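Here's the structure, in structure tokens; my notes come after.
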Amino acid sequence: MVNGAIHGKGVMRKALGALLALVVGAVVFVVVREINHAATAPGEINVADQVQQGLKLAAARIRPTLPKKVDDATTLTEVANAGMVLTYHYVVDRENYELLPNFMQTAQRITTSLLCNTEDTKGAMTAGAAYEYQYSDTASQSLGGFVVTSADCK
């Protein structure tokens, strides 16, 4: 979650932004490790194929650890990949936490900054990778989402 984007029963959850950064950072580490592993695999594989293989392996490694609590209000429930897109699905507990009006914009700004300031994910995006984030509440109602691509890093 993002700093200042959720209130919990009258108390602002300031640690939520830091926790989201840690989760995104941990996921980025897994993705980077898998991309680097794919890059050292034998045979002639182009960069896009290496990135695609790395995203596929990262999703496969993350999936068995789910669901994973990000913070008190947020749970990462699914990671999927389709070609060059890695998609994260989060569920937010709106029954006990209030989303501020700028929740999605704040989440997008922080996540984009983290991805664009990590050389390996920025390189993957330059090769065509995209990172998609989808949020819903516990009743499966969509809260919104966004996609981060290399164009967002300019």
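Tabulated data for the structure shown
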item	result
Residue match in segment 55-68 (condition: closer than 21 Å to ASP137 by Cα, surrounded by fewer than 20 Cβ atoms within 10 Å (Cβ to Cβ) and of a type in the set (A, V, I, L, M))	yes
Close pairs (7 angstrom Cβ cut-off, 6 or more residues apart or separate chains): closer than 13 Å to VAL79 by Cβ in segment 44-66, surrounded by 15 or more Cβ atoms within 10 Å (Cβ to Cβ) and of a type in the set (S, T, N, Q) anywhere	LEU55/ASN81; LYS56/ASN81; ALA59/ASN81
Residue check, ASP152 in a helix (DSSP H, G or I), at negative phi and modelled with pLDDT of 95 or more	yes
Set THR74, THR87: member being buried (at least 21 other Cβ atoms within 10 Å of the Cβ), hydroxyl-bearing (Ser, Thr, Tyr) and within 19 Å of THR112 (Cα to Cα)	THR74
Residue in segment 133-149 that is in contact (Cβ under 8 Å) with a residue 60 or more places away in the chain, surrounded by 17 or more Cβ atoms within 10 Å (Cβ to Cβ) and of a type in the set (Phe, Trp, Tyr) present	no
Selection status of ALA130, in contact (Cβ under 8 Å) with a residue 60 or more places away in the chain and surrounded by 15 or more Cβ atoms within 10 Å (Cβ to Cβ)	no
All positions within segment 111-149 that are at pLDDT 90 or above and among the charged types (D, E, K, R)	GLU132, ASP137
From the options VAL85, VAL28, VAL91, residue that is at pLDDT below 90 and either within 17 Å of GLY123 (Cβ to Cβ) or of a type in the set (A, V, I, L, M, F, W, C) (or both)	VAL28
Verdict on THR111 being surrounded by fewer than 18 Cβ atoms within 10 Å (Cβ to Cβ), polar (S, T, N, Q) and within 22 Å of ALA59 (Cβ to Cβ)	no
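The values are calculated or read from the model by the stated rules, or taken from the named source; none is laboratory data. Keep in mind that this is a model prediction, so the values were computed, not measured. Please note: Cβ atoms are built from the backbone with ideal geometry, for glycine as well, and neighbour counts cover all protein chains shown.
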